[in-house]
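Scroll down for the structure; my scribbles are underneath it.
The values are calculated or read from the model by the stated rules, or taken from the named source; none is laboratory data. Note that this is a predicted model, so its numbers are computed, not measured. Here Cβ is always computed from backbone atoms with ideal geometry, including for glycine, and neighbour counts include all displayed protein chains. Please note that ligands, DNA and RNA were not included when accessible areas were found on the heavy atoms of the full protein model with its side chains. Shrake-Rupley method; radii C 1.70, N 1.55, O 1.52, S 1.80 Å.
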Amino acid sequence: MNILITGFAPFGGDGENPSQLALEALPGAIAGARLAKRLLPVSFLAAQRAVCAAIASERPDAVLLTGLAGGRAKISLERAALNVKDARMPDNDGDCPVDQPIRADGPAAYFATLPLRRIEARLRQADIPVEISNSAGTYVCNLALYCALDEIARQGACTRAGFIHVPYLPQQAAAHGAPGMPLETTVRALTCALEEIARG
């Protein structure tokens, strides 16, 4: 099995992004599945291109996108992606879209196709704080999930895809006055999720 896993570069004035650090800490294979790692730019335009290009080149059996949700205290398994770009702050290219569709003629939303309940149960068994979230927001993380699911649908592929949001690192949490999670716990959470995905 080939699993495409992505993280995001730092943004919003932070020098680190835990999704990038966790991506780098993961091994090249988990539970017999090969991991194809990609770091995505925090850019509406560039992230869309990068997600579609990675799916086209890797032809993965599953896609797990990850990103930072500052302010959340738990690992968040995203249920859906909305066809909207609505930024509360500019991306790293200075783009700040408001009420714009990701694809003008695309579906209003897509549902993630990864085994979210199985992943949730596995993380609870591992004593990792976890939740299923009904909103991936309207920033670049949501766009990445929408583009992945849209590209898969347009190809008519059977590839499964989903998104996991992770909390701040402890040092970021202290600086922002928000909840955080040690990097080791985030890596453990993603490892558990990948093991469940690799089970098929």
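Here is a check on your reading of the model: is ASP150 of a type outside the set (Phe, Trp, Tyr) and open to solvent by 60 Å² or more (accessible area, probe 1.4 Å)? Working first, answer last.
Working: of a type outside the set (Phe, Trp, Tyr): yes; open to solvent by 60 Å² or more (accessible area, probe 1.4 Å): no.
In short, no.
Scan the stretch 93-105 and tell me whether some residue there is part of a loop (DSSP other than H, G, I, E, B), among the small types (Gly, Ala, Ser) and over 29 Å from LEU169 (Cα atoms).
Here is the first cut: in the stretch 93-105, the ones part of a loop (DSSP other than H, G, I, E, B) are 93-99, 101-105.
In the following step, the residues that additionally are among the small types (Gly, Ala, Ser) were identified as 94, 104.
Narrowing the set further to residues that are over 29 Å from LEU169 (Cα atoms) leaves 104.
Yes, there is a match, as at least one residue in the stretch 93-105 is part of a loop (DSSP other than H, G, I, E, B), among the small types (Gly, Ala, Ser) and over 29 Å from LEU169 (Cα atoms).
Inspect all residues belonging to the stretch 19-31 and state whether any of them is within 15 Å of TYR146 (Cβ to Cβ), among the hydroxyl-bearing types (Ser, Thr, Tyr) and open to solvent by less than 40 Å² (accessible area, probe 1.4 Å).
So the first thing to find is which residues in the stretch 19-31 are within 15 Å of TYR146 (Cβ to Cβ), and the list is none.
So far as the stretch 19-31 goes, no, none of its residues is within 15 Å of TYR146 (Cβ to Cβ), among the hydroxyl-bearing types (Ser, Thr, Tyr) and open to solvent by less than 40 Å² (accessible area, probe 1.4 Å).
Considering each residue of the stretch 1-14, count those that are more than 17 Å from ASP91 (Cβ to Cβ) and open to solvent by 50 Å² or more (accessible area, probe 1.4 Å), and give that number. Outline the logic, then answer.
Within the stretch 1-14, the first condition is being more than 17 Å from ASP91 (Cβ to Cβ), and the residues that meet it are 1-5.
Pick out the ones that are also open to solvent by 50 Å² or more (accessible area, probe 1.4 Å) and you get 1.
Number satisfying all stated conditions: 1.
Please verify whether ILE164 is of a type outside the set (Asp, Glu) and under 14 Å from GLU78 (Cβ atoms), treating the condition exactly as stated. Outline the logic, then answer.
Values: of a type outside the set (Asp, Glu): yes; under 14 Å from GLU78 (Cβ atoms): yes.
Against the criterion (of a type outside the set (Asp, Glu) and under 14 Å from GLU78 (Cβ atoms)), ILE164 qualifies.
Any chance the stretch 93-101 includes a residue that's crowded, with 22+ Cβ neighbours inside 10 Å and on the phi < 0 side of the Ramachandran plot? Quick ask: steps written out before the conclusion?
At the first step, the residues of the stretch 93-101 found to be crowded, with 22+ Cβ neighbours inside 10 Å are none.
No, there is no match, as no residue in the stretch 93-101 is crowded, with 22+ Cβ neighbours inside 10 Å and on the phi < 0 side of the Ramachandran plot.
Could you tell me whether the stretch 118-138 includes any residue that is within 13 Å of LEU68 (Cβ to Cβ) and either open to solvent by 30 Å² or more (accessible area, probe 1.4 Å) or out of contact with any strand residue (DSSP E or B) (no Cβ under 7 Å at 6 or more places or on another chain) (or both)?
First, the residues of the stretch 118-138 that are within 13 Å of LEU68 (Cβ to Cβ): 136-137.
So of that shortlist, the ones also either open to solvent by 30 Å² or more (accessible area, probe 1.4 Å) or out of contact with any strand residue (DSSP E or B) (no Cβ under 7 Å at 6 or more places or on another chain) (or both) come out as 137.
Yes, the conditions are met somewhere in the stretch 118-138.
Give me the residue from the stretch 42-90 that is assigned to a helix (DSSP H, G or I) and closer than 21 Å to ILE197 by Cα and, out of that set, most open to solvent (accessible area, probe 1.4 Å).
Filtering the stretch 42-90 for residues that are assigned to a helix (DSSP H, G or I) and closer than 21 Å to ILE197 by Cα, the one most open to solvent (accessible area, probe 1.4 Å) comes out as SER57.
Can you pull out the residues in the stretch 158-200 that are of a type in the set (D, E, K, R), open to solvent by 30 Å² or more (accessible area, probe 1.4 Å) and in contact (Cβ under 8 Å) with a residue 60 or more places away in the chain? Write out each step before concluding.
Within the stretch 158-200, the subset of a type in the set (D, E, K, R) is 160, 184, 188, 195-196, 199.
Still in the running and open to solvent by 30 Å² or more (accessible area, probe 1.4 Å): 160, 184, 188, 195, 199.
Selection gives ARG160, ARG188, GLU195, ARG199.
Go through the residues of the stretch 76-90 one by one and say whether even a single one is more than 17 Å from the chain's Cα centre (by Cα) and modelled with pLDDT under 95.
Checked the stretch 76-90: at least one residue is more than 17 Å from the chain's Cα centre (by Cα) and modelled with pLDDT under 95.
Can you tell me which residues in the stretch 1-40 are modelled with pLDDT of 95 or more, closer than 17 Å to VAL166 by Cα, in a loop (DSSP other than H, G, I, E, B) and not small (Gly, Ala, Ser)?
Residues satisfying the conditions are PRO10, PHE11, GLU16, ASN17, LEU26.
Condition check: buried (at least 16 other Cβ atoms within 10 Å of the Cβ) and hydrophobic (A, V, I, L, M, F, W, C). Does ALA109 satisfy that?
Values: buried (at least 16 other Cβ atoms within 10 Å of the Cβ): no; hydrophobic (A, V, I, L, M, F, W, C): yes.
The answer is no for ALA109.
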